[in-house]
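Visitor: Pasting in a structure now, in structure tokens, and then I'll have a few things to ask.
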Amino acid sequence: MNICVIGGGLTGLAAAYRLRDEGTIDLYEKDAVLGGCLSSYGSGETRIERFYHHCFSGDRMLLSLIEDLGLTGRLEWRTASTGYYAGGILFPLTTPADILRYPHLGLLDTARLALLTLRSRSFNPEALDAVTAKDFITGQLGTRVYTSFFEPLLRSKFGDMAESVSAAWLVSRIAIRSDRGAAGERLGYLNGGFYHLIDGLEQSITATGCTIMTGTPATSLSRAEHGWEVNGKPYDAVISTIAPHELARIGGPRLPAIPYQGAACMTLALDRDVCGGIYWINMKDDAPYGAVIGHTNFIPRERYGEHLVYLASYFRDRLPEDAGERMLADFCERFSVDPGEIRWHHLGVEPAAGPVYTTGYRHLIPGYAQDGLFLAGMFSWPNYPERSMEGAVRAGTDVAALINGVRFR
Ligand SMILES: Cc1cc2nc3c(=O)[nH]c(=O)nc-3n(C[C@H](O)[C@H](O)[C@H](O)COP(=O)(O)OP(=O)(O)OC[C@H]3O[C@@H](n4cnc5c(N)ncnc54)[C@H](O)[C@@H]3O)c2cc1C
């Protein structure tokens, strides 16, 4: 079988990996490097992800792929700390004692929040898809918990779409982030970076004679006598892993529009920790970024020889031209950093970084098979109601199984 995969992110690579012995594969990737949202830069053993990443203990397919690729020795589980930056003050929110001390929630609010966290896995996402996160939290926990705790989180992640986001998304986020002990949240990472996952997939795929073409966008898709043509070349099967609206732009089917948003993430290096030892800081105060991620408060600084911090932000439509400068200037002022202390910085921008899970989203999710094409990616069922590396591996694996009629582990 002659197979084309459009997109060299984790979904496309997972699909090609599963199908690597089933025929000839051409994988088209528009960027110079593979990995999509999970791409990295640098050289040598330890690379830096363009966007911060960690995995979760429940990521069954991802962990099994890591094992298949012989990377289990790199997998490490660490305790991650969290905090909230509110009213110009950085509050640790890692331990139960921290949470009790947090002044923006009362004792009763905290108790209700803890109860909701415990119950988060028992809610039915189907029923919550039609309810906004705002209505759900206000109804369950009251307006104060919404405005002082959840609203800033929703705003920083979804901007002016925040009030349209469904409770299905919010509750799944609470559930996924609730694997925590008294000392913090348990998160996984690959020693040396997730670059090793992408590299392992690339090596395995090309070892069987399949072709990976980086710097080569799929620019046209059209019907052929038996199947579809990509960039003028006929294929028996085409798997597209790019956003449905991008696929439609090059000739693919027009599907109900899935709202997408972009990510702009500033990485910067410093000689000292300015995040109070905390890994993940959510911004309650209005800032040009919604979270500050002290990567080297999660992964030892010695691996990089410097402290690494990510400033995370999302945008709709177009990223303002001065976004990077505004992020840096704000960060320096708020976190008392002299601009001269920043050793280097890098702005990673991805216009199609993820769907916005508005109410009614589940009715927009396309099936894997569409008009003789195969579609899998961040928009597929395994990524509902939140996209993830696990969802990417599952979607790529599902679509590969559909093509060759077997079930992969
Ligand atoms: C800021 C951020 C942080 C994240 N953190 C985490 C985390 O901590 N844990 C977690 O599990 N998940 C995380 N994710 C989600 C995870 O990275 C994604 O769900 C996953 O990598 C998506 O893979 P994908 O292949 O479906 O999409 P993508 O990574 O977007 O890959 C699609 C690929 O298609 C390519 N492409 C686009 N158009 C064309 C074309 N015309 N021709 C050829 N190629 C094309 C793109 O360049 C890209 O490489 C994060 C995502 C972001 C943005």
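The values are calculated or read from the model by the stated rules, or taken from the named source; none is laboratory data. What you see is a predicted model, and the numbers here were worked out from it, not measured in a lab. Methodologically, a virtual Cβ is constructed for each residue, glycine included, from the backbone with ideal geometry; neighbour enumeration extends over all protein chains shown. For accessibility, only protein heavy atoms count, side chains too; no ligands or nucleic acids. Shrake-Rupley method; radii C 1.70, N 1.55, O 1.52, S 1.80 Å.
Visitor: Which distance in Å, rounded to a whole number, links the C-alpha centroids of region 21-86 and region 314-333?
Guide: 26
Visitor: Also: Compute the distribution of all C-alpha to C-alpha distances in region 169-258, in bins of 10 Å from 0, and list the percent of pairs in each, rounded to whole numbers.
Guide: Whole-percent P(r) values from 0 Å outward: 12, 25, 27, 24, 10, 2, 0.
Visitor: Cα-based count: Lys pairs in the chain below 30 Å, eight or more positions apart or different chains?
Guide: Eligible lysine pairs with Cα atoms under 30 Å apart amount to 5.
Visitor: Then there's this: Identify, among Ser156, Leu128, Gly181, the residue whose Cα sits farthest towards the positive end of the charge dipole of region 123-209, taking +1 on the Cβ of Lys and Arg and -1 on the Cβ of Asp and Glu, with the dipole about the Cα centre.
Guide: Gly181
Visitor: So with the 1.4 Å probe, I'd like the accessible area per residue for the chain, rounded to whole Å².
Guide: That works out to 42 Å² for each residue.
Visitor: Continuing with the same structure: Describe numerically, in nm with one decimal, the distance between label points set 7 Å from Cα along Cα→Cβ at Ala401 and at Asp68.
Guide: Calculated label separation equals 1.1 nm.
Visitor: Of the listed peptides 134-140, 375-381, what is their order by residue-averaged count of other C-beta atoms within 10 Å, with the highest listed first?
Guide: Per-residue Cβ counts within 10 Å, averaged per peptide and sorted highest first, yield 375-381, 134-140.
Visitor: Here is a follow-up. Report, in degrees rounded to the nearest 10, the 0 to 90 angle that the Cα long axis of helix 107-119 makes with the longest principal axis of the chain.
Guide: Orientation of helix 107-119: about 20 degrees from the principal axis.
Visitor: Once label points are set 7 Å from the Cα along Cα→Cβ at both Arg272 and Asn191, what is their separation, rounded to one decimal in nm?
Guide: Going by the 7 Å Cα→Cβ label model, 3.1 nm.
Visitor: For region 123-220, what does the relative contact order come out to in percent, with C-alpha contacts under 8 Å and a separation of six or more?
Guide: For region 123-220, the relative contact order is 26 percent.
Visitor: Here's something else I'd like to know. Taking all protein chains as present, what is the carbon and sulfur share of the accessible area of the chain, in % to the nearest whole number, probe 1.4 Å?
Guide: 51
Visitor: Taking only Cα atoms and a 10 Å spring cutoff, compute GNM fluctuations for the chain and point out the largest among Leu108, Leu154, Leu128.
Guide: Leu108
Visitor: How much net charge surrounds His295 when only the other residues with a Cβ under 11 Å from the Cβ of His295 are counted, with Lys and Arg +1 and Asp and Glu -1?
Guide: -1
Visitor: Report for the chain the percent antiparallel among DSSP-assigned beta bridges with both residues inside it, nearest 5.
Guide: Rounded to the nearest five, the antiparallel share is 75 percent.
Visitor: Same structure, new question: Leaving out ligands, DNA and RNA but keeping every protein chain, what accessible area does Leu71 have, in Å² rounded to the nearest 10, with a 1.4 Å probe?
Guide: Only protein atoms counted, so the area is about 20 Å².
Visitor: To continue, here is another question. Helix 323-334 versus the longest principal axis of the chain: what angle, 0 to 90°, nearest 10, using Cα atoms?
Guide: Taking the Cα atoms of the chain, the angle to 323-334 is about 30 degrees.
Visitor: Only Cα pairs under 8 Å and at least 6 apart count here; give the relative contact order of region 227-311 as a rounded whole percent.
Guide: Relative contact order here is 22 percent.
Visitor: Between region 236-269 and region 103-146, what is the C-alpha centre distance in whole Å?
Guide: Centre-to-centre (Cα) distance: 32 Å.
Visitor: If you don't mind, there's one more thing I want to ask. Measure off 7 Å from each Cα along the Cα-to-Cβ vector at Asp286 and Met213, then give the distance between these two points in nanometres to one decimal.
Guide: 4.8
Visitor: OK, next. Dipole magnitude of the chain about its Cα centre, charges +1 at Lys/Arg Cβ and -1 at Asp/Glu Cβ only, in debye to the nearest 20?
Guide: 940
Visitor: In square nanometres, what is the average projected area of the Cα convex hull of the chain?
Guide: 19.2
Visitor: Right, here's the next one. Let me have the relative contact order for the chain, percent, based on Cα pairs under 8 Å that are six or more residues apart.
Guide: Value for the chain: 25 percent.
Visitor: Would you rank Met213, Met389, Met1 by solvent-accessible area, highest first, keeping every protein chain in place and using a 1.4 Å probe?
Guide: Met1, Met213, Met389
Visitor: Compute the acute angle (0 to 90°) between the alpha-carbon long axis of helix 195-207 and the principal axis of greatest extent of the alpha-carbon atoms of the chain; round to the nearest 10°.
Guide: 10
Visitor: Let me ask something else about it. May I ask you to list the GluC sites (Glu not before Pro) in region 11-117 that are in a DSSP loop and have at most 11 other Cβ atoms within 10 Å of their Cβ?
Guide: Glu45
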